[in-house]
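Take a look at the structure below.
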Amino acid sequence: MKNLTTLSKGNNHCAVSPGRLDAIDQFTFTHEAVPFKIEGKVFVSEALGMSGGILSLNKLAPHASMPFHHTHIEHEEIYIFIDGKGEVMIDNDRFEVEPGSVVRVAPEGVRCWRNLADEPLYYAVLQVKEGEKVIKTTIEDGRGVDRPVVW
């Protein structure tokens, strides 16, 4: 099993890399609640020190499907499709996704997805607790800093 590479770490940041997208298949996720290994899945949130969500990078083999439907107790999920072509099923709705597609699923949404192509399907999944009050845009949360940009 491959490990994440730490690119940089400081008081206010952490940067990691799994390598190129096609290297994600070198990662294997295991958990006592799942009776099988999941190839091509790496959680980067712990390595990044995230405190407000969970982030994973994923690869689904050509013409493969998630082997189960699932829901969540508290977390809504945001799927960001990076490369490939797939189909997502939420409850009784089915739709195709491609690079650039972003899908949000409420915790109670029954979800599953599959790869429709001869190439791998790459995607990121961000989980956050549903119902937490968040600022709607980065403009409201961002603050300018009096510091010139010099590289």
Q. What list of ³J(HN,Hα) values in whole Hz, one per residue of the range 72-85 in order, does the Karplus curve 6.51 cos²θ - 1.76 cosθ + 1.60 (θ = phi - 60°) give from phi, with Gly and Pro shown as x?
A. 10, 8, 10, 8, 8, 10, 10, 9, 10, 8, 9, 7, x, 9
Q. What are the residues whose amide H is under 5 Å from the amide H of Lys85, where those residues sit 5 or more places off or on another chain and H is modelled from the backbone?
A. Leu116, Ala117
Q) Which ³J(HN,Hα) values in Hz, rounded to whole numbers, follow from the phi angles of the range 20-36 under the Karplus curve 6.51 cos²θ - 1.76 cosθ + 1.60, where θ = phi - 60° and Gly and Pro get x? A) 4, 3, 6, 8, 4, 5, 7, 9, 10, 9, 10, 7, 4, 7, 10, x, 8
(Q) Please list, ordered by chain and number, the residues whose modelled amide H lies under 5 Å from the amide H of Cys112; skip anything fewer than 5 residues away on the same chain. (A) Met89
Q: Express the accessible area of the chain per residue in Å², computed with a 1.4 Å probe while the remaining protein chains stay in the model.
A: 69 Å²
Q) At a Förster distance of 25 Å, what's the computed FRET efficiency of Phe95 paired with Thr28, Cβ-Cβ distance as r, to 0.05? A) 0.30
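How large is the helix-only mean residue ellipticity at 222 nm for the chain, computed as the sum of -39500 (n - 2.57) over DSSP H runs with n ≥ 4, divided by its residue count, in deg cm²/dmol to the nearest 500?
Only helices count here, giving -500 deg cm²/dmol.
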Q) List the aspartates and glutamates whose alpha-carbon lies under 16 Å from that of Lys2, not counting same-chain residues fewer than 8 positions away? A) Asp22, Asp25, Glu39, Glu46
Q: Place a +1 charge on the Cβ of each Lys and Arg in the chain and a -1 charge on the Cβ of each Asp and Glu, then give the dipole magnitude about the Cα centre in debye, rounded to the nearest 20.
A: 460 debye
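The values are calculated or read from the model by the stated rules, or taken from the named source; none is laboratory data. From a predicted model like this one, the values you see are computed outputs, not experimental measurements. Cβ coordinates were reconstructed from backbone atoms using ideal geometry, including for glycine residues, and neighbour counts include every protein chain displayed. The area values use the complete protein model at the heavy-atom level, side chains included, leaving out ligands, DNA and RNA. Shrake-Rupley method; radii C 1.70, N 1.55, O 1.52, S 1.80 Å.
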